[in-house]
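Scroll down for the structure; my scribbles are underneath it.
Coordinate-derived values only; no laboratory data. Model, not experiment: these values are computed from the prediction. Quick reminder, even Gly has a Cβ in these numbers, built from the backbone with ideal geometry, and neighbours come from all protein chains shown.
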Amino acid sequence: MDESCKVAFSCLVINESGDMRICRDMEPIGNIKNTTPEEAWNSKAATEVRKKIFVCQKPCKILNCNYIDHE
Amino acid sequence: MSKDSLGISFEMCNFCNLNCKMCGIHLQNRKDCKSGFLSFENWKKGVLSLSKIKGRYIDLVPHWIGEPLLNLDFGKMMLFAFNNNENNKLFHHFQFSTNGLLINKHLDAIKECVSMKNQSENTFYFINISLDAYSDLTFSKIKGKNGLEVVKENIKLLLDIQQNFGYPKLHLSFIIMEENKHEAGLFKEFWVNEFTKRNLPHAVSCRFICEDLNVIYFRRLSNPSDQISANKLHQEIVSSIGVQDNLYNKYPGGGEF
């Protein structure tokens, strides 16, 4: 069963205070108050977070996370 | 979510009015997290800036972990997004998850958004409603309080809208657990009957599917401490109620919503 995390290129989350994240357990890549989603998505901070996601072994599989569900 | 789609989720409210035992909200590191709502100003700013994202199909998802309909501005925010989305210049689909308890508070706004003519008719694509129970007793055991009848009535109101406008489709989800496994068959029968008597297209699935259909969706429990047992239970129960896993070839990579 492939349960690898797929969030790196498929979703962006903006929380109630405006922080933008690719993974909710990782650091923000910007805030909506001073950065657009497009700028944040293409930023160096986003690249760094993606590197961490690719090697992340955390089996979070939390509801609403976008992991693949097939056997 | 198709290959070139990008889901933009907004956390409208970071807490919930239920206390479901299987919910990921309990697994978050929320030590420094205060309860709060997304402001209308931040919503406006974020939604309007979606036009700058090129080459992706945008799924606008006004929901992340908390219950989005607790945000009293939810209807106003939704109307703002749809009113500024002529020719789908901001987003292609709009979809969210809710526990369904407060749908009636936002029904007029939902109806107004679904009926807008200046964007694709399937823009308000679907609403996922987490039910997870057939009986009041099981609902309250899993979710910490009563409310199943309210949710059922709200779903019927949404079905009335769908009968008039075609959308939003509904995903009625049931996460299979020890506490509710005995009700899976009754749940399936009840909701198949509701869709059938309204002549609304529907499917019963054990995987996430995203098409122009209503879906009665039997989900696996996400259980980091014992995923193997959760998977086994899911397989046993869906098989026992006759839900075929024949969608695999058609939807090989159906991601969780």
**Prompt:** Which of B:Leu170, A:Ser43, B:Thr123 sits farthest toward the positive end of the charge dipole of the protein assembly as shown, with +1 on the Cβ of Lys and Arg and -1 on the Cβ of Asp and Glu?
**Reply:** A:Ser43
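Please compute the average number of Cβ atoms from other chains found within 10 Å of each residue's Cβ in peptide B:57-67.
3
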**Message:** Quick check on chain B: helices-only [θ] at 222 nm, where DSSP H runs of length 4 and up contribute -39,500 (n - 2.57) each and the sum goes over total residues. Nearest 500, please.
**Reply:** -9500 deg cm²/dmol
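Mind checking B:225-235 for the average number of partner chain beta-carbons within 10 Å of each residue's beta-carbon?
Counting other chains' Cβ atoms within 10 Å and averaging over B:225-235 gives 1.
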**Fill in**
Taking a straight Cα-to-Cα line shorter than 21 Å from B:Lys111, and setting aside same-chain lysines fewer than 8 residues away, one finds B:Lys44, B:Lys76, B:Lys89, B:Lys152, B:Lys156, B:Lys169
**Message:** Check which residues have an amide H placed less than 5 Å from B:Phe10's amide H, if you skip close sequence neighbours.
**Reply:** A:Ile14, B:Val61, B:His63
**Formal net charge of residues neighbouring B:Ile110 (Cβ-Cβ distance under 14 Å; K, R +1; D, E -1)** = +2
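Among bridges DSSP assigns within region B:63-181, what percent are antiparallel (round to 5)? Intermediate values should be presented prior to the final figure.
Numbers: 0 of 10 bridges.
Antiparallel bridges make up about 0 percent of those DSSP assigns within region B:63-181.
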**Fill in**
Taking alpha-carbon centroids only, region B:113-188 lies from region B:200-229 a number of Å equal to 13
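Relative to the Cα centre, what is the charge dipole magnitude of the protein assembly as shown, using +1 at the beta carbon of each Lys and Arg, -1 at the beta carbon of each Asp and Glu, and rounding to the nearest 20 debye?
Dipole about the Cα centre, nearest 20: 560 debye.
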**Prompt:** Helix B:227-240 versus the longest principal axis of chain B: what is the Cα-based angle in degrees, 0 to 90, to the nearest 10?
**Reply:** 80
**Asked** From the backbone phi of region B:44-51, what are the Karplus-calculated ³J(HN,Hα) couplings (6.51 cos²θ - 1.76 cosθ + 1.60, θ = phi - 60°) in whole Hz, Gly and Pro given as x?
**Response** 4, 4, x, 5, 5, 6, 5, 5
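Can you give the mean number of other chain Cβ atoms that lie within 10 Å of the Cβ atoms in peptide B:8-16?
So the per-residue partner count for this stretch is 4.
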**Fill in**
Farthest towards the positive end of the dipole of the protein assembly as shown, among B:Leu107, B:Leu186, A:Ser10 and with Cβ unit charges of +1 on Lys and Arg and -1 on Asp and Glu, lies the Cα of A:Ser10
**Asked** So if R0 is 35 Å, what FRET efficiency would B:Glu211 and B:Lys54 give, r being the distance between their Cβ atoms, rounded to the nearest 0.05?
**Response** 0.85
**Asked** Which far-off residues, 5 or more places away or on another chain, put their amide H under 5 Å from the one on B:Ser5, with H placed in the peptide plane?
**Response** B:Tyr57
**Message:** Can you tally the net charge around B:Leu70? Count Lys and Arg as +1, Asp and Glu as -1, for every other residue whose Cβ sits under 12 Å from the Cβ of B:Leu70.
**Reply:** -3
**Message:** Full-extension gain between B:Lys156 and B:Glu189, please, as 0.36 nm times their residue separation minus the C-alpha to C-alpha distance.
**Reply:** 10.3 nm
**Item:** Residues of type aspartates and glutamates that B:Lys141 reaches as a straight line, Cα spacing below 15 Å, ignoring anything fewer than 8 places off in the same chain
**Value:** B:Asp132, B:Glu149, B:Glu178, B:Glu179, B:Glu183
